[in-house]
1. With each run of n ≥ 4 DSSP H residues scored as -39500 (n - 2.57), what mean residue ellipticity at 222 nm is computed for the chain after dividing by its residue count and rounding to the nearest 500 deg cm²/dmol?
2. Please give the peptides 84-91, 131-138, 209-216 ranked by average Cβ packing (other Cβ atoms within 10 Å per residue), highest first, as a rough proxy for protection.
3. At a 1.4 Å probe radius, which order do Met185, Met62, Met1 fall into by accessible area, largest first?
4. Among Leu210, Thr150, Gly70, whose Cα sits farthest toward the positive end of the charge dipole of the chain (+1 at Cβ of Lys/Arg, -1 at Cβ of Asp/Glu, about the Cα centre)?
5. Give me the distance between the Cα centres of the stretch 185-259 and the stretch 130-151, rounded to whole Å.
6. With +1 on each Lys and Arg Cβ and -1 on each Asp and Glu Cβ, and nothing else charged, work out how big the dipole of the stretch 174-215 is about its Cα centre, in Debye to the nearest 20.
7. Sort Trp267, Trp108 by accessible area with a 1.4 Å probe, largest first.
8. Quick check for you: with a 1.4 Å probe and neighbouring chains kept, what is the accessible area per residue of the chain, in Å²?
Amino acid sequence: MFGVNDPWVKARIKYVTERIPHTGFPDRAPEPLTGIFLCMIPRSGSTYFGAVLRDNGFGEFMERFRVVNGSLEEDVANAKSKIYDDYVRHKIFRAGGKSGSVAFKVDWPQFVPLYYLGAWRRYFTSSHFIYLTREDILLQAISRYVGEATGIFHSPQLRDGKQLPADVPFDFAKIESHVRLLVDMMSAWERFFAFEGVTPLRFTYENIVLDTEGCLKAIAAATGQTLTLPAILSNEFQPVATPVNQALRDAFVAEYRRRQQSAAAEWAEPGGRA
């Protein structure tokens, strides 16, 4: 998921440029332009925290650079874009570009076209990056697995009496695939930060839950924005995890250990102790 020769990156760029021609970027850029990117790994609390940032005056942290499932085509049509730069400028304008400060929420797949097609270097090198991860990656992967299995990712979906199911079938392979995807995304972000000399503000889901206001204070200090205290911390998004998530985590760990022990027994030398 990282590097100019990576097949996944090439496919992503091909997908975009087949839908909107890319002819480079002009010398003129909106000035001054300082952005804040909320860089997320799925199920890291970015929806809740983005709403907290919104309510405390840091900007509208929306996923403006969605690409797949018709999002790019719809955005290009709405912006009347003829080239990729038109599309990017439209997004800057919609994100508050007239004020000189813009806010975006992106996962790595959304950021890839901006990075590899040059929009980041042209417009956003003065931006601040807030990077959200999670300490318990397995529980994060299970949250994504449960969301896909139930179709429920956010608390507003539980309105009108709708509830999460009391049970979700255990599927070792699917949960493992979510772990691999999350780790790949984290690796890509880390290489971007390292190779470009970017120092992001780092927060985990667990940090945000324990001290949301402290996280806001750190962001205000880093970005030079004013934070009015007490901060607004409640919004329409709340955790949707249930005991099902922890039960699936326990089942995954138990199954993984069983498989590891079985492999160790097979690899033991004849006559040795497994």
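The values are calculated or read from the model by the stated rules, or taken from the named source; none is laboratory data. Not measured: the values here are computed from a predicted model. Positions of Cβ are backbone-derived with ideal geometry, glycine not excepted, and every protein chain shown enters the neighbour counts. Accessible surface areas use protein heavy atoms only, side chains included; no ligands, DNA or RNA. Shrake-Rupley method; radii C 1.70, N 1.55, O 1.52, S 1.80 Å.
1. -15500 deg cm²/dmol
2. Most protected by this proxy first, the peptides run 84-91, 131-138, 209-216.
3. Result of the area sort, largest leading: Met62, Met1, Met185.
4. Comparing the listed Cα positions along the dipole, Gly70 ranks first.
5. Centre-to-centre (Cα) distance: 11 Å.
6. Computed charge dipole of the stretch 174-215: roughly 200 debye.
7. Largest accessible area first, the residues go Trp267, Trp108.
8. 53
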